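S.K.: Can you read through this structure? Questions will come right after.
The values are calculated or read from the model by the stated rules, or taken from the named source; none is laboratory data. On a predicted model such as this, the values are computed, not experimentally measured, just so you know. So basically every Cβ, Gly included, is an ideal-geometry build from the backbone, and we count neighbours across all protein chains shown. Ligands, DNA and RNA are excluded from the accessible area calculation, which covers all protein heavy atoms including side chains. Shrake-Rupley method; radii C 1.70, N 1.55, O 1.52, S 1.80 Å.
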Amino acid sequence: MLHLQGPQMLQLLEKSLLKHLPESLKVYGTVFHINQGNPFKLKALVDKWPDFNTLVIRPEEQEMTDDLDHYTNTYQIYSKDPKNCQEFLSSPEVINWKQHLQIQSLQASLDKVIKNLVAIHSGQVKHTQCFLYMVHDTAKKLAPSMLDGKNASPDGDKPKSLNQELFKHSSLDITHAALVNKFWHFGGNERSQRFIERCIRTFPSFCLLGPEGTPVSWTMMDQTGELRIGATVPEYRGQSLLYHIARCQIQTLGKLGFPMYAHVDKANHITQRVTLRLGNIPMPFDWNQWNYVPL
């Protein structure tokens, strides 16, 4: 196991991951943010260098003090040989299997290895799969092979204009975290609210304020470059508010050069339509998350 440190090695890793897009997108986005100052205090581990087979990105040990906090205890994995990376992932220096944790990857082929390790450690795991989309401009810049004549342009199929007398563009602050947490599919608890607060403090966030001056629609970004946790409060749904705020987010972050992508629940047909309306590109594989609980 090698811990990649220093700007030279990490920038070389970022360039190397470009060659494996779009499958390496999750770890590429994370390494991008590590190279932008590493605000989430993450570290990159490889089995060998420079010709690595498996990369794991995880928080530094001092960040993982709560054994029950799987929002913090999160690992991003990319492997060039996902069926034969079990030995590396079994190392306690790589993954702390004594904690509640989650693993994120765009490689469903890791499922067998992860379930083997779960059985070895006598734990339980829940595997979630969602549709994955890459923002059009990110695909154009980083993975142009994903674009073809069938893909919508980011300016196509616009809904009606936003009523700017009723809704004002703004950003989230810490006082809004409880509201955001309430409507997050993976949240709704104290630890998820702390994660949301950390994302609000660290990364650009976007919201629309309603007539009452409180957020009615919002979207955020996490430490992997993923656009996440977007929602509209029930009384304001059906007005394309999420489309307008996501469009603002994509345009703003695009100017900053951030890689952008998003996952959508397979049953959430409304958000799927919004995502396609924005011109985002559906990927030929799923977003995967494994939630692990030790017994």
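S.K.: Considering only protein heavy atoms, what per residue accessible area in square angstrom results for the stretch 1-148 with a 1.4 angstrom probe?
M.R.: Here the per-residue accessible area is 45 Å².
S.K.: In nm, to one decimal, how far is the modelled label at A119 from the one at H20, with both set 7 Å along Cα→Cβ?
M.R.: 2.5 nm
S.K.: Here's something else I'd like to know. Ignoring ligands, DNA and RNA, what percent of the 1.4 Å accessible area of the stretch 152-278 is carbon and sulfur?
M.R.: For the stretch 152-278, the apolar C and S fraction of the accessible surface comes to 50 percent.
S.K.: In the chain, with Lys and Arg counted as +1 and Asp and Glu as -1 at Cβ, which of these residues, V31, W218, L89, has the Cα nearest the positive end of the dipole, that is, farthest along it?
M.R.: Comparing the listed Cα positions along the dipole, W218 ranks first.
S.K.: For K48 and F285, what is the calculated FRET efficiency with R₀ set at 22 Å and r taken between the beta-carbons, to the nearest 0.05?
M.R.: Result of the calculation: an efficiency of 0.30.
S.K.: How large a share of the accessible area of the stretch 2-130, in percent, is made up of carbon and sulfur atoms when the probe is 1.4 Å and the other protein chains stay in place?
M.R.: Result for the stretch 2-130: 47 percent of the exposed heavy-atom area is carbon or sulfur.
S.K.: Calculate one ³J(HN,Hα) per residue across the stretch 233-243 by plugging θ = phi - 60° into the Karplus curve 6.51 cos²θ - 1.76 cosθ + 1.60, and present them in order as whole Hz with x for glycine and proline.
M.R.: 5, x, 6, 10, 6, x, 10, 6, 5, 5, 4
S.K.: Which part of the stretch 255-270 falls in the paramagnetic zone of L147, meaning amide N under 16 Å from the point 7 Å along Cα-to-beta-carbon?
M.R.: Only 255, 257-261 pass the distance filter.
S.K.: List the residues whose amide H sits under 5 Å from the amide H of M221, counting only those 5 or more places along or on another chain, with H placed 1.01 Å from N in the peptide plane.
M.R.: R228
S.K.: Further question on the same structure: Heavy-atom accessible area per residue, the stretch 152-278, 1.4 Å probe: how many Å²?
M.R.: Roughly 49 Å² per residue, with all protein chains present.
S.K.: While we're here: Computed from the coordinates I sent, mean projected area of the Cα convex hull in nm² equals one of (i) 19.8; (ii) 15.0; (iii) 24.8. Tell me the label.
M.R.: Working out mean projected area of the Cα convex hull in nm² from the coordinates points to (ii).
S.K.: Let me make sure I get this right: for the stretch 197-268, a, b and c are the square roots of the gyration tensor eigenvalues over alpha carbons, sorted descending. Under 1.5 in a/c it's rounded, otherwise prolate if a/b > b/c, else oblate. Which is it?
M.R.: Note, shape of the stretch 197-268 comes out prolate.
S.K.: Let me ask something else about it. With respect to the cross-link table entries K43/K168; K48/K83; K19/K41; K19/K98, which display a Cα-Cα separation exceeding 27 Å?
M.R.: Among K43/K168; K48/K83; K19/K41; K19/K98, the Cα-Cα distance tops 27 Å for K43/K168; K19/K98.
S.K.: Let me ask something else about it. Please compute P(r) over all alpha-carbon pairs of the stretch 2-130, binned at 10 Å starting from zero, and give each bin as a whole-number percent.
M.R.: Calculated over all Cα pairs of the stretch 2-130, the distribution is 12, 47, 35, 6 percent.
S.K.: In addition: 7 Å from Cα along Cα→Cβ at both K182 and T252: what's the point-to-point distance in nm?
M.R.: 2.3 nm
S.K.: Over what distance in Å are the Cα centres of the stretch 1-35 and the stretch 227-295 separated?
M.R.: Centre-to-centre (Cα) distance: 23 Å.
S.K.: At H3 and E63, where each label point lies 7 Å from the Cα along Cα→Cβ, what is the point-to-point distance in nanometres?
M.R.: 1.3 nm
S.K.: Taking H as built 1.01 Å from N, whose amide H comes closer than 5 Å to the amide H of L101, not counting residues under 5 places away?
M.R.: Correct list: Y292.
S.K.: What 222 nm value per residue comes from the helices of the chain, counting each DSSP H run with n ≥ 4 as -39,500 (n - 2.57) and dividing by all residues, nearest 500 deg cm²/dmol?
M.R.: -8500 deg cm²/dmol
S.K.: How much length would be gained if the chain were fully extended between R194 and D111, taking 0.36 nm per residue of separation minus their Cα-Cα distance, in nm to one decimal?
M.R.: Roughly 27.0 nm would be gained on extension.
S.K.: Distance from the Cα centre of the stretch 120-146 to that of the stretch 177-208, in angstrom?
M.R.: If you average the Cα positions of each part, the centres end up 21 Å apart.
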